[in-house]
Ligand SMILES: Nc1ncnc2c1ncn2[C@@H]1O[C@H](COP(=O)(O)OP(=O)(O)OP(=O)(O)O)[C@@H](O)[C@H]1O
């Protein structure tokens, strides 16, 4: 179980400041959803937390600065599933997921039986067993997305960073993936950070939320404090209605523009 603390993160890409002054805290075993409009900086924030992007500021996991860790140490602590990574088309699903065990395999060593068992069990839990020997280049978008998640779960790190883990998934697989992540969080105390476009889904699963807008934190707190009609209008330019569901969790419904008004009379 690990606590994440980020302070004053700044990322400059191609001379443009993409993130500035971003800070967040995720308690051990909590789920933080990062939300925001296209281009707001969500993926960049996740990469900065994962330590795969040069940035200034500080990311601490259990008070340990992530940038000081060697890649193997970092990979044992943080598993990161990018939004749409380039996948080696000729590699099989099993071998790709098995790469998640790399931080545990000694240099010049080979994976052991336990590594293969962990990999097989994750594939099974994600309905990917039938695809184990299929080559990555021959998968559908949703299957590929589950394989990327599988590799991250196979890593068995206490911090899980998922960039839009459900965008290509049908409704059933969305629920399966999110429930699996939630179960792992509750059973093993994983600390989870996900970017999520679907605000209702984010509101259902997250303990806390951070709304990123133009590279800065515009709001953060409990889902009910961040998913408000006013903030969504302001930062997404969308008209929505918020309905509070079971457990006080907010549901977000798009409102169509009101076209019941009679058309204005001509000149
Ligand atoms: N390598 C890069 N060089 C320059 N600008 C970049 C680079 N990568 C991303 N950006 C810009 O940084 C900003 C934030 O990008 P990011 O991918 O973090 O947004 P996002 O919130 O995840 O968006 P989306 O919801 O569309 O996935 C965008 O304006 C993007 O164009």
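The values are calculated or read from the model by the stated rules, or taken from the named source; none is laboratory data. Treat the numbers as computed from the prediction; the structure is a model and nothing was measured. Glycine also receives a Cβ, built like all others from the backbone with ideal geometry; neighbour counts cover every protein chain displayed.
Summary of computed values
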quantity	calculated
Checking residue 173 against (1) surrounded by 15 or more Cβ atoms within 10 Å (Cβ to Cβ); (2) modelled with pLDDT of 90 or more, the condition it does not meet	(2)
Residue 227 surrounded by 18 or more Cβ atoms within 10 Å (Cβ to Cβ) and modelled with pLDDT of 95 or more	yes
Failed criterion for residue 107 (all others in (1) closer than 21 Å to residue 72 by Cα; (2) surrounded by 15 or more Cβ atoms within 10 Å (Cβ to Cβ) hold)	(2)
Single residue of the stretch 62-78 satisfying the filter (over 17 Å from the mean Cα position of the chain (by Cα) and under 13 Å from residue 160 (Cα atoms)) that is farthest from the ligand (Cβ to nearest atom)	76
Given (1) crowded, with 17+ Cβ neighbours inside 10 Å; (2) modelled with pLDDT of 95 or more, index of the condition residue 55 fails	(2)
Single residue of the stretch 13-52 satisfying the filter (free of Cβ contacts under 8 Å to residues at least 40 places away in the same chain and more than 11 Å from the ligand (Cβ to nearest atom)) that is nearest to residue 73 (Cα to Cα)	51
Within the stretch 153-267, strands (runs of 3 or more DSSP E) holding 3 or more residues that are within 16 Å of the ligand (Cβ to nearest atom) and under 27 Å from residue 59 (Cα atoms)	159-163, 191-195, 208-213, 216-221
Only one of 195, 208 that is surrounded by 14 or more Cβ atoms within 10 Å (Cβ to Cβ), within 17 Å of the chain's Cα centre (by Cα) and closer than 15 Å to residue 38 by Cα	195
From the options 179, 164, residue that is under 22 Å from residue 27 (Cα atoms) and free of Cβ contacts under 8 Å to residues at least 12 places away in the same chain	179
Any helices (runs of 4 or more DSSP H) falling wholly within the stretch 66-132 and containing at least 1 residues that are farther than 30 Å from residue 9 by Cβ and free of Cβ contacts under 8 Å to residues at least 24 places away in the same chain	93-98, 113-125
